[in-house]
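Have a look at the structure below, then the notes.
The values are calculated or read from the model by the stated rules, or taken from the named source; none is laboratory data. Because the structure is a prediction, the values reported are computed rather than measured. Glycine gets a Cβ as well: all are built from the backbone with ideal geometry, and neighbour counts include every protein chain shown. Protein only, heavy atoms only, side chains kept; ligands, DNA and RNA dropped before computing areas. Shrake-Rupley method; radii C 1.70, N 1.55, O 1.52, S 1.80 Å.
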Amino acid sequence: MQHQISVIERIFSVFKSRSIKERIKISYVIIILLMIIPAVIMISSFVVQMVRYDLIITNVSKADRLNQTVKVEISDEIWDIVAGNKKFDEGRQYDIIDGINASLEDIMKTTDERENRQLLEVAGRAVDTLKRYVDRLGDQMAHHSPVSDNEKSLDEIRAVVALISDILQDFTVRVIESAAITNEHHKRMTFILTVIQILTVFFVTIFAVMTQRSVTASINNPIKKLEELSTRIAEGDFTARVKLPQITELDGLTDNLNIMAVKIQALIEENIREQHNLQKSEMKALQAQITPHFLYNTFDTIVWLSEEKKTDQVIDITRAFSSFFRISLNKGKDFLTIREEFEHVRSYLTIQKIRYRDILDYEIEYQSEMAECQILKLLLQPLVENALYHGIKHKRGRGRITVKGWREDKRLCFSVQDNGIGMTEEKLAYIIQQISGSADLEDLDNIYGLYNVNKRLELYYDRETRLEITSRYTEGTTVYFSIPEAGSNV
């Protein structure tokens, strides 16, 4: 008893300096191992013994059946042949002998004891002798030897059969003796494992009691609450708070943890606001980069039309130009109606139609019931501009841009399609990677518009709202996106 307690104390000393959580874990591991290992050993022993008994019983059964075959079938078959009841060639003697050999090989596979295997080998040689005697009998009968010679061969065959039968009986006895020895060994192992199991239960009980006392002495409710609080803060829950435990040593620590959670939460919220505003500013700056180029080209077109005395077209392009910028400014608001967004696209295409009259046609359509729904401004125009400058202008002949809007599955869907030059699979994959990543603006080549729209969709709606681009080289490109209908009235 004293010795076992000292062993337990030595085990405790191994992890005495560890944390409480680790001490508990080690205690559980030790207890589980102490309970499992003896059980596994006992079950393994039972399984091994059961398999061994099964082999022994199987071998005894096979040997007994084989002995009956040897004593009865082969003798009866040879007697029928010698007595003239059947011809030698019609007899089953060789089939019976082959069956005996096959049975001996089958028993040999499941026999481990050296002496028993030797008996089976002797039986196999005796079967070979039996086959030679049967062959000789066949030769005698083929040459019409005297009956006395055949009877003599029959006696020799019966003698060999008796020898094989004796060997098989000896094998059966030895296997049964082996089973008895195995049974005694199994009894001893069972007794030893039972004692070990009892001692293990006793040892685990003492160990569990000492573990419980050690852990209980080290833990109290205020420390548990403080640990939970610190864990929740570490996982990002900065709303976590804990009441003062009214313990002098822990009041200051508890108060400091509560204050720290409040300050961290405030700092994170401020950082999120700053990042949000920064992204908006970046998008607005990117959007502004598109406007001057368009502005210069439009003024050049107005001047050219004026010089050509095309007053009606000057009026059309000036009105479209005015409408374009009126909707772009939108009194500083970020959202407008879908009707206004499509009017903005129409104004833009009206201007571009006058400039590129020989190569550009367009079509604009959307469902009337979605006209007054709200949408983030300047989403469609950059896509149309991209279709014109990177699709239609690089195509020979006349091009067409189609802008559509429709409702589907409680979402507002939009597409800009052109029949321009299109893109190869490699270029399309590169563009999708560029606009979906966090690349620097200087690395965006000529896809500012697509990048701008994609980022603004993610920023103002959600991460799932983004551009979907499909394209085939020489056939054209389609850019699609959808926004939640509920979120469209922001």
Next on the checklist: If I ignore ligands, DNA and RNA and count only protein heavy atoms, how much of S45 is accessible to a 1.4 Å probe, in Å² to the nearest 10?
Outcome noted: 20
Next on the checklist: Students often forget the sequence filter, so: which lysines lie under 24 Å Cα-Cα from K224 once same-chain residues fewer than 8 apart are removed?
Outcome noted: K16, K21, K25, K243, K263
Checklist entry - Just how much of L55 is accessible, in Å², when a 1.4 Å probe is used and the result is rounded to the nearest 10? => result 60
Checklist outcome for this item: Violations at 20 Å Cα threshold for listed pairs K333/K377; K309/K395; K71/K152; K393/K455; K331/K404 -> K309/K395; K393/K455; K331/K404
Item to check | Probe 1.4 Å, protein heavy atoms only - accessible area per residue of the stretch 371-454 in square angstrom | outcome: 47
Checklist entry - Can you give the accessible area per residue of the stretch 122-223, in Å², using a 1.4 Å probe? => result 58
Checklist outcome for this item: Probe 1.4 Å, heavy atoms of protein chains only: per residue, the accessible area of the stretch 65-108 in Å² is 53
Checklist outcome for this item: Expected sort for 341-347, 59-65, 168-174 on mean C-beta neighbours within 10 Å, highest first, is 341-347, 168-174, 59-65
Next on the checklist: Below 8 Å, C-alpha to C-alpha, sequence gap of six or more: please give me the relative contact order for the stretch 292-360 in percent.
Outcome noted: 34
Next on the checklist: Normalised by the empirical 2.2 N^0.38 Å for globular proteins, what value does the Cα Rg of the stretch 44-142 take?
Outcome noted: 1.34
Item to check | Heavy atoms of T194 accessible to a 1.4 Å probe, total area in Å² rounded to 10 | outcome: 60
Checklist entry - If you roll a 1.4 Å probe over the stretch 358-406 with all protein chains in place, what percent of the accessible area is carbon or sulfur? => result 43
Checklist outcome for this item: For the stretch 74-176, the accessible surface attributable to carbon and sulfur atoms (probe 1.4 angstrom, ligands and nucleic acids excluded) amounts in percent to 48
Next on the checklist: What number does the stretch 78-235 give for Rg over Rh if you use C-alpha atoms and the Kirkwood radius?
Outcome noted: 1.59
